[in-house]
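A.B. asks: Have a look at the structure that comes next, please.
Since every read-out is calculated from the coordinates, none of them should be taken as a lab result. Small disclaimer: the values here were computed from a predicted structure and weren't measured. Neighbour counts are summed over all protein chains in view; Cβ atoms, including those assigned to glycine, are modelled from backbone coordinates with ideal geometry.
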Amino acid sequence: MSRRAVRKANPGALRREGGPIAHRPSIVAAAALLAGLALSPAAQAQQGTVFRCPGPPVLYTDQLSAQEAKDKGCRTIEGAPITIVQGVRPRPVAASAPASGAVARSGEGRVDPAEQRARDSDARRILSDELRREEARLAEMVREFNNGEPERRGDERNYARYQERVAQMRAAIQRKEADLAAIRRELAKLPLPPP
């Protein structure tokens with residue numbers, strides 16, 4: 001029998017010096033085992049097979065079998081790492097409340113009265129200085145505003161541009177007045193200086 005005839009009669013057989021020989025059982029078993037593991041869903045998840053499934057929310061998952069993924073029209077993404085993001089757990093409120101109360105009761109969190117008076121007087125001085133500066137700035141803004149008719153600048157030939165600047169000035173004056181009211185409220189919260 002010629003080599004060509006042997007190949008046609010038994011294409012899977014291997015030939016060695018004179019005749020066909022059978023496949024070794026260990027090679028066949030190993031090949032079958034590898035093929036079975038490669039097709040199992042657990043092996044796919046273990047190997048990192050991730051599927052991208054279409055839809056309004058695009059879904060990336062490794063929890064589908066190959067058949068389920070095929071039925072849903074999912075594509076395979078090979079070697080994609082799977083990242084799991086864990087949320088931050090909120091701290092219990094009840095546990096933190098007694099701890100802060102315990103510090104206040106023990107007296108460690110208290111400040112010497114003389115030191116507190118010094119802090120209050122510093123805060124009052126800083127706020128008073130800021131109040132004076134802001135009042136001076138407001139007076140300048142009101143003078144420039146000129147009761148809603150500030151002087152026109154050279155670049156304001158267009159009346160709409162002039163009106164836009166007037167509106168910006170009016171808004172700035174209102175903000176400055178609100179800032180002054182906030183500073184006055186902060187000053188009212190501070191204790192009066194000792195006589």
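A.B. asks: Sequence-distant or interchain residues sharing an amide H contact under 5 Å with Leu59, placed H: which?
C.D. replies: Sorted by chain and number, the residues that satisfy this are Cys53.
A.B. asks: If we sort 126-135, 157-166 on the protection proxy, mean other Cβ atoms within 10 Å, highest first, what's the order?
C.D. replies: Going by the mean number of other Cβ atoms within 10 Å, highest first, we get 126-135, 157-166.
A.B. asks: What ³J(HN,Hα) values, in whole Hz, does the Karplus curve 6.51 cos²θ - 1.76 cosθ + 1.60 give for region 63-69 when θ = phi - 60°, with x put for Gly and Pro?
C.D. replies: Using θ = phi - 60°, the values come out as 9, 9, 7, 4, 5, 4, 5 Hz.
A.B. asks: Turning to a different aspect of this structure: Amide H to amide H under 5 Å from Glu156: which residues, 5+ apart in sequence or cross-chain, H placed 1.01 Å off N in plane?
C.D. replies: The list, which skips near neighbours in sequence, is empty: none.
A.B. asks: Additional query: I want the local charge near Leu180. Using Cβ-Cβ distances under 15 Å, sum +1 for each Lys or Arg and -1 for each Asp or Glu among the other residues.
C.D. replies: Net charge in that neighbourhood comes out at -1.
A.B. asks: Could you run the Karplus curve 6.51 cos²θ - 1.76 cosθ + 1.60 with θ = phi - 60° over region 155-170 and give me ³J(HN,Hα) per residue in whole Hz, x for Gly and Pro?
C.D. replies: Computed from phi, the couplings for region 155-170 are 8, 9, 6, 7, 5, 5, 5, 4, 5, 5, 5, 4, 5, 5, 5, 4 Hz.
A.B. asks: How do the peptides 51-59, 65-73 rank, highest first, by the average count of neighbouring beta carbon atoms within 10 Å per residue?
C.D. replies: 65-73, 51-59
A.B. asks: Once phi is turned into θ = phi - 60°, what whole-Hz ³J(HN,Hα) does the Karplus curve with 6.51, -1.76 and 1.60 give for every residue of region 171-182, x standing for Gly and Pro?
C.D. replies: 5, 5, 5, 5, 5, 4, 5, 5, 4, 4, 5, 5
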